[in-house]
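Just so it is clear, none of the values below were taken in a lab; they were calculated from the coordinates. Just so it is clear, the structure is predicted and the values come from calculations on it, not from any experiment. Here Cβ is always computed from backbone atoms with ideal geometry, including for glycine, and neighbour counts include all displayed protein chains.
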Amino acid sequence: MEAIKNRYEFVVLFDVENGNPNGDPDAGNMPRIDPESGYGLVTDVCIKRKIRNYVEMVKEDSTGYRIYIKSGVPLNRSDSEAFADVGIGDASAKKSVDLQKEVKEKKKQGVDVDRAVLNYLCSNFFDIRTFGAVITTAVKGALNCGQVRGPVQLGFSRSIDPILPQEVTITRTAITTEADAEKKGTEMGRKYIIPYALYRCEGYISANLARKTTGFSEEDLALLWDAIINMFESDHSAARGKMAVRELIVFKHDSELGNAPAYKLFNLVKVQKKEDITAPRAYSDYTIEVEIDKLPQGVSCQRLL
């Protein structure tokens, strides 16, 4: 597949109702928040996990669309497949020192192991082509794949307005053992929710990195848009409440390196709370405007949702 030829920037608006979009384990799993401003935060890692989960669900590990970063699967297991592709046998069963010797021997034979391993991983794993990865950790001293910078990068999502997390007390009536039944009855617990918040996430797609590094293609791009739009639809839970992607606004440059600074494009997306609203409780409490008439030359805009 041919790599994309155009640079992109995009804005994602998503909201949460009576849920916790991204708990902070260092703060009792309460919603992440900027302590100085009170604005809510959702990490880029959280959003990438939703995208990976959606792609894994839709593609079901089909050729070219497997997921490299996944729970319970050691990275070296996937790396060993790439080594086998260049003739290094079962790398998962070998010590790191032995692997380094074999890699160096292959290089002496004229095999570009670095490029071969990178090409294998990029062609087989969607998330490496998209987000990049730190790969081949088993043979740090012999391979030069190292950190692969992906063409798609996300920033932290931030709420449009300050949030006020609420601590809700819950009860547990189920008793685990007979001993517990004799000692105690109902137990008390707590969970955090945000009554409502609208978040904004901004992202970047580099055609230059796609061409030079991972081969991120037009087919990958279409799947990425689909994954972003639907990333919460198969991820519902009581803890996260009601979450939904409300807008996906895409800016497309007519060149590989771009025709305008990203910040100027992001500034064209205006999200404001309506004047008569003091405490937003729905998406309809906001107005969203994209100043299409101010688009720089060589850049087009499309609202995919």
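Quick notes on this one:
- Most to least packed among 192-199, 68-75 [average Cβ atoms within 10 Å]: 192-199, 68-75
- Against the set (1) 30; (2) 22; (3) 10, the structure's computed percent of Cα pairs over 37 Å apart falls on (1).
- Cβ-based charge dipole, region 232-305, positive-most Cα from A260, A239, L295: A239
- Value of relative contact order over the chain, rounded to a whole percent, pairs C-alpha under 8 Å and six or more apart: 31 percent
- Relative protection proxy for 246-259, 290-303, from highest mean packing down: 246-259, 290-303 (other beta-carbon atoms within 10 angstrom).
- Ellipsoid semi-axes for region 175-300, based on the Cα gyration tensor and the rule √(5λ), read 43, 24, 11 Å when sorted largest first.
- Using just its DSSP H runs of length 4 or more, each adding -39500 (n - 2.57), the chain gives a mean residue ellipticity at 222 nm of -8000 deg cm²/dmol after division by all residues.
- Computed FRET value (nearest 0.05) for R211 with E36, which takes r as the C-beta separation and R₀ as 30 Å: 0.15
- Listed by number, the DSSP H helices of the chain that run 24 Å or longer by alpha-carbon position along their axis and have mean Kyte hydropathy of at least 0.0 come to an empty list.
- Only Lys, Arg (+1) and Asp, Glu (-1) charged, at Cβ; the chain dipole about Cα centre in debye: 720 debye
- Among the GluC sites (Glu not before Pro) found in region 53-82, those both in a DSSP coil and sparsely packed, with 13 or fewer other Cβ atoms within 10 Å of their Cβ, are E60.
- Toward the positive end of the charge dipole of the chain, with +1 on the Cβ of Lys and Arg and -1 on the Cβ of Asp and Glu, the farthest Cα among I160, L304, L121 is that of L121.
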